[in-house]
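To start, the structure itself, in structure tokens.
The values are calculated or read from the model by the stated rules, or taken from the named source; none is laboratory data. Predicted model, so just to flag it, every value in this text is computed and none were measured. All Cβ positions, even for glycine, are placed from backbone atoms using ideal geometry, and neighbour counts span all protein chains on display.
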Amino acid sequence: MATGISFTLHVTDGRARRGTLATTRGDIRTPAFMPVGTAATVKAMLPGQVRETGADILLGNTYHLMLRPTADRMERLGGLHRFMNWDRPILTDSGGYQVMSLSELRKLTEEGVTFRSHVDGSKHFLSPETSMEIQRKLGSDIVMCFDECPALPADRERVARSMRLSMRWARRSRDAFGDRPGHALFGIQQGGLDEELRAESAEALTAIGFDGYAVGGLAVGEGQEAMFGCLDFAPEQLPADKPRYLMGVGKPDDLVGGVARGIDMFDCVLPTRSGRTGEAWTRRGRVNLRNARHRDDPRPLDEACACPCCTGYSRAYLHHVVRAKEAISMTLLSWHNLHYYQELMQGMRDAIEAGTFEAFRSDFDAEFGAGDIPPP
């Protein structure tokens, strides 16, 4: 479909891919990591600061935005981009994952899902058609089709039933999306950890035709080993000339492992959620700034990092503001984490272009697994 959004695959190194997703609001360099702006904000960060980390695109959450401040209000105010002061691309999820997590507050039928708001208990209905309409009002550049995402582990019959419902909803999403120049619609592959069900899902989605394809239904309790096992086959079942997006993932080693298996796009709340709880992600793994070992440490969090947190503040200071619950701790650590994630993505892009991705991956695994630097 001709939408004004195009994907160019520049080079591959093994299964790792380096490309560009061109949109009317700017290019997205892939592999790409999308910071999550759940409720029209990347928590504890200004939009300009997020852009400074190297982010090309943000993710917004349809479920949360439809409840508060509502899609109608945002449409009247000029759309999500203007509302949150972000002029680059935005991808919105469909709301399906959040609704499905409300197992005690929702009713699922072929038509859609009726659920009660976690905010005020009010009753709402989401279907492929209403999800497409809400995302249209938000004005997002990349729209996700409406799907059901069962938690894992689940028996094969449950996964198959859910996947086939999602494929019927994918067709309805495509029909409701229509022709929207400058906007893209991504389909979502389901099927749990089952290779045959994933293949059936991929075949159904490809027959419908989408601008990109997500590997959905992972990072829902199955663990990294099982997730990687699924990614050993799932991305290859999807069209090679379209971007492949792994939803809701993940830790730095998840990103490297995903890229090695052919994934182009990722999103996760982890870098900002960790930053708000006193945790940092570095080249040497996770660092808990609440620990007393940092209270007299004059060194930066990561001496090789050029973010404002690492160039301006010591571990001792970060320990202090985290323990004192000062708001600046959330901003500094979120900024560092997002900077590190984007630096990691740039490192992978450079390595793929140079044909050295496996060496990059080996070096990453060794350093990331080494653990934090010892106390001074």
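Worth pointing out:
- Among the residues making up region 146-169, a single one is charged (D, E, K, R), buried (at least 16 other Cβ atoms within 10 Å of the Cβ) and more than 17 Å from Leu218 (Cβ to Cβ): Arg164.
Listed here are the residues, each with its yes/no results for (1) among the acidic types (Asp, Glu); (2) part of a loop (DSSP other than H, G, I, E, B); (3) outside the structural domain of Asp264 (by TED's automatic domain parsing).
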| residue | (1), (2), (3) |
| --- | --- |
| Glu157 | yes, no, no |
| Met167 | no, no, no |
| Ala219 | no, yes, no |
| Tyr245 | no, no, no |
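- Among the residues making up region 247-277, those that are assigned to a loop (DSSP other than H, G, I, E, B) and in contact (Cβ under 8 Å) with a residue 12 or more places away in the chain are Met247, Gly248, Gly250, Lys251, Arg261, Gly262, Ile263, Asp264, Val269.
- Of the residues making up region 29-51, those that are part of a helix (DSSP H, G or I) and either under 30 Å from Thr12 (Cβ atoms) or in contact with a Cys (Cβ under 6 Å, 6 or more places away or on another chain) (or both) are Val50, Arg51.
- Among the residues making up region 91-122, those that are under 24 Å from Ala219 (Cα atoms), assigned to a loop (DSSP other than H, G, I, E, B) and without any contact (Cβ under 8 Å) to a residue 12 or more places away in the chain are Ser103, Glu104.
- So Pro239, is it in contact with an Asp or Glu (Cβ under 7 Å, 6 or more places away or on another chain) and closer than 25 Å to Thr24 by Cα: no
- Any hit, region 61-73, residues being in contact (Cβ under 8 Å) with a residue 24 or more places away in the chain, assigned to a loop (DSSP other than H, G, I, E, B) and under 16 Å from the mean Cα position of the chain (by Cα): no
- Subset of region 290-347 [among the basic types (Lys, Arg), touching a residue at least 60 places away in the same chain (Cβ under 8 Å) and not in a helix (DSSP H, G or I)]: Arg299
- If only residues of region 74-124 that are among the small types (Gly, Ala, Ser), in contact with a Lys or Arg (Cβ under 9 Å, 6 or more places away or on another chain) and surrounded by 14 or more Cβ atoms within 10 Å (Cβ to Cβ) are counted, the one that is farthest from Gly187 (Cα to Cα) is Ser117.
- Residue count for region 255-271, restricted to those that are out of contact with any strand residue (DSSP E or B) (no Cβ under 7 Å at 6 or more places or on another chain) and either within 27 Å of Asp13 (Cα to Cα) or not aliphatic (A, V, I, L, M) (or both): 3.
- Selected residue [under 23 Å from Arg82 (Cβ atoms) and not basic (Lys, Arg)] from Val159, Val143: Val143
- Within region 1-26, if we keep just the residues that are among the β-branched types (Val, Ile, Thr), surrounded by 15 or more Cβ atoms within 10 Å (Cβ to Cβ) and in a loop (DSSP other than H, G, I, E, B), the residue that is modelled with the lowest pLDDT turns out to be Thr3.
- Flag if Ala324 is surrounded by 15 or more Cβ atoms within 10 Å (Cβ to Cβ) and of a type in the set (A, V, I, L, M): no
- Lone qualifier among Leu197, Leu205 - being hydrophobic (A, V, I, L, M, F, W, C) and touching a strand residue (DSSP E or B) at 6+ places or on another chain (Cβ under 7 Å): Leu205
- Subset of region 188-207 that is under 25 Å from Ala22 (Cα atoms) and without any contact (Cβ under 8 Å) to a residue 40 or more places away in the chain - its residue that is surrounded by the most Cβ atoms within 10 Å (Cβ to Cβ): Leu205
- Among the residues of region 170-187, those that are surrounded by 22 or more Cβ atoms within 10 Å (Cβ to Cβ) and farther than 16 Å from Glu203 by Cβ comprise Ser173, Phe177, Ala184, Leu185, Phe186.
- Residues of region 221-243 that are charged (D, E, K, R), touching a residue at least 24 places away in the same chain (Cβ under 8 Å) and not in a loop (DSSP other than H, G, I, E, B): Glu236 alone.
- Yes/no for Tyr313 being under 24 Å from Phe364 (Cβ atoms) and out of contact with any Lys or Arg (no Cβ under 7 Å at 6 or more places or on another chain): no
- Count of region 108-150 residues which are charged (D, E, K, R) and farther than 26 Å from Leu205 by Cβ: 3
- Filter result for Ala32 (out of contact with any Lys or Arg (no Cβ under 8 Å at 6 or more places or on another chain), assigned by TED's automatic domain parsing to the domain that holds Leu255, of a type in the set (A, V, I, L, M) and surrounded by fewer than 19 Cβ atoms within 10 Å (Cβ to Cβ)): no
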